[in-house]
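> Could you have a look at this structure, given as structure tokens, before my questions?
The values are calculated or read from the model by the stated rules, or taken from the named source; none is laboratory data. Keep in mind that this is a model prediction, so the values were computed, not measured. Counting neighbours? That spans all protein chains shown, and the Cβs are built from the backbone with ideal geometry, glycine included.
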Amino acid sequence: MDFSSKLLEQAVDEMSQLPGIGKRTALRLVLHLLKQPETQTQNLASALTKLRGEIKLCKNCFNISDTELCDICANPARNEELVCVVEDIRDVMAIENTGQYRGHYHVLGGKISPMDGVGPSQLNIHPLIEKVKAGKVEEIIFALSSTLEGDTTNFYIFKQLEGTNIKTSTIARGISVGDELEYADEVTLGRSIANRVPFESSLKG
């Protein structure tokens with residue numbers, strides 16, 4: 001792709017680094033921004049700069065937050081003894097949209113995937129185990145996507161919790177095997193949370 005401007009080429013190169021954005025789509029987006037009022041582009045650049053510089057991870061659940069404690073963990077109406085284990089903020093948002101869950105979350109930041117070089121030490125697993133051992137949790141709900149990586153991560157955490165007398169459950173398989181949680185419709189996901197089953201039962205299937 002030949003460019004008449006180095007500035008345009010650089011902008012397209014950067015935009016095309018985003019997932020699902022090829023060079024042609026990146027060019028279309030950049031040209032669209034050029035047609036907009038300059039303030040709109042400046043507002044976008046400012047929002048992205050602030051996002052990178054000021055965003056925090058909740059010190060309790062590792063959800064993305066503007067403050068040290070996210071709104072969910074800071075809400076006294078939420079049940080802190082019930083913890084739903086998810087991969088990332090997209091899953092938190094998907095479950096929150098169902099309106100069926102009133103506990104806390106624990107965001108792992110990914111799933112165990114040896115093929116991708118992701119091991120347990122690279123995820124937020126240890127803080128979850130420590131939270132359970134401190135006696136602050138009564139039940140953990142495994143709500144990772146029903147993929148090989150998700151099931152491997154669930155099982156690893158389950159084994160780490162042996163001897164703690166913690167109740168463990170997993171969302172019901174209204175979510176198809178291989179599906180990502182964020183793409184499930186709200187009704188199906190809500191029912192999967194409400195009709196969760198003991199984790200041990202899921203191992204027999």
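> Given the criteria loosely packed, with under 10 Cβ neighbours inside 10 Å and acidic (Asp, Glu), does Asp13 qualify?
Numbers: loosely packed, with under 10 Cβ neighbours inside 10 Å: no; acidic (Asp, Glu): yes.
So Asp13 fails the test.
> If the Cβ limit is 9 Å and pairs must be 6+ apart or interchain, which residue in segment 28-42 that is surrounded by 10 or more Cβ atoms within 10 Å (Cβ to Cβ) pairs with which residue that is among the hydroxyl-bearing types (Ser, Thr, Tyr)?
If the second residue must be among the hydroxyl-bearing types (Ser, Thr, Tyr), the pairs left are Leu33/Thr41; Leu34/Thr41.
> Next up: Check Cys73 against each of (1) touching a Cys at 6+ places or on another chain (Cβ under 9 Å); (2) not assigned by TED's automatic domain parsing to the domain that holds His126 and name the one condition it does not meet.
Going through the list (1) touching a Cys at 6+ places or on another chain (Cβ under 9 Å); (2) not assigned by TED's automatic domain parsing to the domain that holds His126, Cys73 breaks only (2).
> If you don't mind, another one. Could you go through segment 139-147 and let me know if any residue there is within 16 Å of the chain's Cα centre (by Cα), surrounded by 15 or more Cβ atoms within 10 Å (Cβ to Cβ), under 18 Å from Lys59 (Cα atoms) and not charged (D, E, K, R).
So in segment 139-147, the residues within 16 Å of the chain's Cα centre (by Cα) come out as 141-147.
Cutting the leftovers down to surrounded by 15 or more Cβ atoms within 10 Å (Cβ to Cβ) gives us 141-147.
From what is left, the residues that are under 18 Å from Lys59 (Cα atoms) are none.
No; the residues of segment 139-147 include none that is within 16 Å of the chain's Cα centre (by Cα), surrounded by 15 or more Cβ atoms within 10 Å (Cβ to Cβ), under 18 Å from Lys59 (Cα atoms) and not charged (D, E, K, R).
> From (1) closer than 24 Å to Leu161 by Cβ; (2) among the aliphatic types (A, V, I, L, M); (3) in contact (Cβ under 8 Å) with a residue 60 or more places away in the chain; (4) outside any strand (DSSP E or B), pick out the condition that doesn't hold for Ile129.
(3)
> What's the total number of residues in segment 132-151 that are touching a strand residue (DSSP E or B) at 6+ places or on another chain (Cβ under 8 Å) and either under 19 Å from Asp91 (Cα atoms) or among the basic types (Lys, Arg) (or both)?
Just the residues of segment 132-151 that are touching a strand residue (DSSP E or B) at 6+ places or on another chain (Cβ under 8 Å), to begin with: 132, 136-144, 149.
From what's left, either under 19 Å from Asp91 (Cα atoms) or among the basic types (Lys, Arg) (or both): 136, 139-144, 149.
Count: 8.
> Out of all the residues in segment 108-131, which are touching a helix residue (DSSP H, G or I) at 6+ places or on another chain (Cβ under 7 Å) and among the charged types (D, E, K, R)?
If the condition is that a residue be touching a helix residue (DSSP H, G or I) at 6+ places or on another chain (Cβ under 7 Å) and among the charged types (D, E, K, R), then Lys111 is the only one that fits.
> Tell me, which residue of segment 138-164 that is assigned to a helix (DSSP H, G or I) and of a type in the set (A, V, I, L, M, F, W, C) is modelled with the lowest pLDDT? Can you show your working first?
Kept after step one, since they are assigned to a helix (DSSP H, G or I), are these residues of segment 138-164: 148-160.
If we keep only those that are of a type in the set (A, V, I, L, M, F, W, C) as well, we get 148, 155, 157-158.
On the way: Leu148: 86, Phe155: 93, Ile157: 96, Phe158: 94.
The residue in question is Leu148.
> On to the next question. Of the residues in segment 19-57, how many are in contact with a helix residue (DSSP H, G or I) (Cβ under 8 Å, 6 or more places away or on another chain) and closer than 28 Å to Leu123 by Cα?
So the count comes out to 1.
> I've got another one for you. Here are some residues: Gly103, Gly117, Gly110. Which one is surrounded by fewer than 13 Cβ atoms within 10 Å (Cβ to Cβ) and either over 13 Å from Cys61 (Cβ atoms) or in contact with a strand residue (DSSP E or B) (Cβ under 7 Å, 6 or more places away or on another chain) (or both)?
It is Gly117.
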